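These notes are about the structure you will find just below.
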Amino acid sequence: MEPAETPTFQPRLRVLNREQALVIHNAALEILEKTGFRMEHPGVVEMLTDAGCKVTNGDWLRLPAYLVEAALASAPKQIVLYDQRGNKAMPLVDGTPFYGTGSDATFTLDLETSQRRRVVLEDVANFARLVDGLENIAFAMSMGNPENVPVGDIYIHVFAEMVKNTNKPIVFIADSGRDIARIHGIACKVAGGEEELRKKPFLLNYSEAISPLRFPQNVMEKLIFCAEKGIPICLPSGSNAGGGAPVMLAGAMALGIAENLVGLVIHQLAGKGSPFLFGPNVSVLDMKSTVISYGCPEWSLTQAALADMRDEIYGLPIWAYAGASDAKVMDAQAGAEAMFSIISSMLSRCDVIHDVGFLEYGSTSSLEMVVMVNELVAMSRFFTEGIPVNEETLALEAIERVAHGGPGSIFLTDDHTFEHFMQAQFLPVLLDRNRYDSWKEAGAADLYQRCNSEAKRILAEHQVEPKTKEIVEEIDRILRGG
Amino acid sequence: MSDLKALIEAVIKGDISTATAETQHAVGTGHNAQDILDKGLIAAMDEVGERFSKGQIFVPQMLRSAKTMQECMKALEPFFQEGSITSKGKVIIGTVKGDLHDIGKNLVSMMMEGAGFTMFDLGVDASPERFVQKAQEIEPDIVAMSALLSTTMPSMRLTIEALKEASLRDKVKVMIGGAPVTEKYAREIEADCYAPDAGSAVSKAKEILGIS
């Protein structure tokens, strides 16, 4: 008799029920209708007032809920990011989480000396190449603001550097409407034209408004640009609990969501149907050091809550973080904090998850940390896939064979083991399970040292399929200001 | 004449109503205003700063103590001759041109105020011209600048250049801070000091002015 196919339950984290989600959403709408927000882009003020917002005091606006409903209705529920060769790379359609690096770090841990030092442009290249060579890291961000390029063009230079060193999707930063246009120029060249890029975007812009409720002109320029060009964008505003937002998580989320909704409304007015990733980034301001924590449980909790709100209300793919730490070196704290956010973001099915590889609350990047996260993502993915239950996995025949197989009959020699062990078990590469003596003989390296060696190996061996000469020349022309 | 123990305790606890009542009481029992300030309020804030640096209290508790001190100062002000309140120093503070982030700058400003500095806050997006204009007006001891974005850091250099052009650079100490700012950058633009966080801003400010 054939056993019936039993669907596999995939473990899923939930932290909000529907009632809680609706109350937070309603609070966000109330903030927009009663408190309002400060809009510093005159063109956007005009666009919003034409659409039905009321000016209350100079550049303060109030936004009626029906505009939010309209924006939620027109924003695409499914977004697909492509790689730079036009292949589907990140389909944000079915709850598959994609992990990638972060941006804007001031420092990096030097691969040779292990010392913390200022980021230079070569580091951006190394991080991009490393990402290109790591199976579980889906997209690249710059991982630093290099000190050896002109600061006014910093985001153009790091974008160009990423394009030259990876073919994976890129999440990029820009300063204003000026540099984003030049970055777009490079991207069009890579994709083979503006329409091709619009059809198959390989890039996503990350911009930030300012909590509480402030929308600067340069940030709005980027939002409008992306809406018009069909470049996916996310626009968190730093509504960190106790910093830009109330100290209690529900209030911080309500404020951050309100700010995101303002962005979404403007975005959909400027480019109906353009792709927008939802996500307010709610971490905490640490009450001793005043840093924004990258290792705290609160950020993982609020983004899991946001995933629930996505499922209950918004339907838009969400922006999240994981695989980062407040530790200054890649130590046990770094591993613990990184894994906490990786597994929880995966269990709550966050969509685009950035900041992997950060130490020191996002101020220092580490190639070793990215390598470690690559393995922790694999470990988490194994866990999240659950336990398939069927004739093959129950293995009753193998049990029968081994039990009645006589002396010397063990599962290790059974065909069922040989045929299935690769899928049945998570097989770590860097997490060490050697017996003590062989670990010691091999040099007694800890995880940091093993990740360091692995990063060096990948950077030495991994070949990134190069861009054509024509594209590279065009990029260099744009970098020169052409 | 009673001692100021109850006042000190109330400031440390951040108990505004008790602290202001104790301030009135101290005045009523014959303490002079300068003593209440130095031996009461500032002594209390020194203890608060000490406890904070040891990790015994948190930022909101320290800020509540600073607010308590400010309220007590309002009660004391009528008892000072105009302009006779001694200050640790006058400080102009602002987030530099192009940058609209103010949480860090506000925190530094409150902590320095709590430590006895007189703060003149230019807010955010403060241009080099505004720093210069304010410096000409109030003759500060320190000009403090904040930036959160890498792209706005160059405004710090421009502000220092503007201070030089206005022949003010030699008359003030320049202190900088903010997420992307480093000690090295401070040296490059010839700032007098870099403060990595609000707590160290207070101690560095005292250090560059040579006061305790």
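Do you know which of the residues in region B:114-152 that are polar (S, T, N, Q) and part of a strand (DSSP E or B) is nearest to the other protein chains (Cβ to nearest Cβ)?
Of everything passing the filter in region B:114-152, B:146 is nearest to the other protein chains (Cβ to nearest Cβ).
Here are the criteria: (1) surrounded by fewer than 22 Cβ atoms within 10 Å (Cβ to Cβ); (2) away from chain B (no Cβ under 14 Å). Tell me which single one residue A:254 does not satisfy.
If we test residue A:254 against (1) surrounded by fewer than 22 Cβ atoms within 10 Å (Cβ to Cβ); (2) away from chain B (no Cβ under 14 Å), just (1) comes out false.
If you scan region A:163-182, which residues turn out to be of a type in the set (Val, Ile, Thr), within 14 Å of chain B (Cβ to nearest Cβ) and assigned to a helix (DSSP H, G or I)?
Selection gives A:180 alone.
Counting only residues that are closer than 24 Å to residue A:27 by Cα and either of a type in the set (S, T, N, Q) or touching a Pro at 6+ places or on another chain (Cβ under 7 Å) (or both), how many does region A:210-250 have?
8
When the residues of region B:157-212 are filtered to those that are surrounded by 15 or more Cβ atoms within 10 Å (Cβ to Cβ) and of a type in the set (Lys, Arg), which remaining residue is nearest to the other protein chains (Cβ to nearest Cβ)?
B:157
Considering only region A:282-296, state which residues are away from chain B (no Cβ under 14 Å) and either over 17 Å from residue A:251 (Cα atoms) or in contact with a Lys or Arg (Cβ under 9 Å, 6 or more places away or on another chain) (or both).
Pass one, region A:282-296, residues away from chain B (no Cβ under 14 Å): A:282, A:295-296.
Selection gives A:295, A:296.
Looking at region A:317-345, which of the residues that are among the aliphatic types (A, V, I, L, M) and buried (at least 24 other Cβ atoms within 10 Å of the Cβ) is nearest to the chain's Cα centre (by Cα)?
Initial filter on region A:317-345 (among the aliphatic types (A, V, I, L, M)): A:318, A:320, A:322, A:324, A:327, A:329-330, A:332, A:334, A:336, A:338-339, A:342-343.
Retained after the next criterion (residues that are buried (at least 24 other Cβ atoms within 10 Å of the Cβ)): A:318, A:320, A:322, A:324, A:330, A:334, A:338, A:342.
On the way: A:318: 9, A:320: 5, A:322: 7, A:324: 11, A:330: 20, A:334: 18, A:338: 13, A:342: 11 Å.
Among those residues, the one meeting the criterion is A:320.
Would you call residue A:127 buried (at least 24 other Cβ atoms within 10 Å of the Cβ) and within 23 Å of residue A:323 (Cα to Cα)?
Values: buried (at least 24 other Cβ atoms within 10 Å of the Cβ): yes; within 23 Å of residue A:323 (Cα to Cα): yes.
Against the criterion (buried (at least 24 other Cβ atoms within 10 Å of the Cβ) and within 23 Å of residue A:323 (Cα to Cα)), residue A:127 qualifies.
Within region A:204-235, take every residue that is more than 21 Å from the chain's Cα centre (by Cα), assigned to a helix (DSSP H, G or I) and not β-branched (Val, Ile, Thr) and give me the one that is surrounded by the fewest Cβ atoms within 10 Å (Cβ to Cβ).
A:228
Test of understanding: among A:328, A:288, which residue is free of Cβ contacts under 8 Å to residues at least 12 places away in the same chain and touching a helix residue (DSSP H, G or I) at 6+ places or on another chain (Cβ under 9 Å)? It would help to see each step written out before you state the result.
Details: A:328 fails: free of Cβ contacts under 8 Å to residues at least 12 places away in the same chain.
That would be A:288, the only listed residue that is free of Cβ contacts under 8 Å to residues at least 12 places away in the same chain and touching a helix residue (DSSP H, G or I) at 6+ places or on another chain (Cβ under 9 Å).
Answer yes or no: is there a residue in region A:21-41 that is within 13 Å of residue A:266 (Cα to Cα), surrounded by 13 or more Cβ atoms within 10 Å (Cβ to Cβ) and either in the same structural domain as residue A:254 (by TED's automatic domain parsing) or aromatic (Phe, Trp, Tyr) (or both).
The answer is yes, given that some residue of region A:21-41 is within 13 Å of residue A:266 (Cα to Cα), surrounded by 13 or more Cβ atoms within 10 Å (Cβ to Cβ) and either in the same structural domain as residue A:254 (by TED's automatic domain parsing) or aromatic (Phe, Trp, Tyr) (or both).
Given the structure, is residue A:145 out of contact with any Pro (no Cβ under 9 Å at 6 or more places or on another chain) and either polar (S, T, N, Q) or surrounded by 22 or more Cβ atoms within 10 Å (Cβ to Cβ) (or both)?
Answer is no for this residue.
Report, by residue number, each residue of region B:67-96 that is of a type in the set (A, V, I, L, M), away from chain A (no Cβ under 14 Å) and closer than 25 Å to residue B:192 by Cβ.
B:91, B:92, B:93
One line per residue, one yes/no per condition, for (1) on the phi > 0 side of the Ramachandran plot; (2) hydrophobic (A, V, I, L, M, F, W, C); (3) outside the structural domain of residue B:11 (by TED's automatic domain parsing); (4) modelled with pLDDT under 90:
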position	(1), (2), (3), (4)
B:28	no, no, no, no
B:38	no, no, no, yes
B:42	no, yes, no, yes
B:50	no, no, no, yes
B:57	no, yes, no, no
B:61	no, no, no, no
B:64	no, no, no, no
B:68	no, no, no, no
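If you check A:15, A:68, which single one turns out to be within 30 Å of residue A:381 (Cβ to Cβ), of a type outside the set (D, E, K, R) and surrounded by 15 or more Cβ atoms within 10 Å (Cβ to Cβ)?
Values: A:68 fails: within 30 Å of residue A:381 (Cβ to Cβ).
Only one candidate passes the filter, namely A:15.
Inspect region A:196-203 for any residue being away from every other protein chain (no Cβ under 14 Å) and in a strand (DSSP E or B) and give the result as yes or no. Working first, answer last.
Filtering region A:196-203 down to residues away from every other protein chain (no Cβ under 14 Å) leaves A:196-203.
Next, only the ones that are in a strand (DSSP E or B) stay: A:203.
Looking through region A:196-203, at least one residue is away from every other protein chain (no Cβ under 14 Å) and in a strand (DSSP E or B).
Got at least one residue in region A:333-348 being assigned by TED's automatic domain parsing to the domain that holds residue A:97 and outside any helix (DSSP H, G or I)?
yes
The values are calculated or read from the model by the stated rules, or taken from the named source; none is laboratory data. Treat the numbers as computed from the prediction; the structure is a model and nothing was measured. For neighbour counting, all protein chains shown are included, and Cβ atoms are generated from backbone atoms with ideal geometry for every residue, glycine included.
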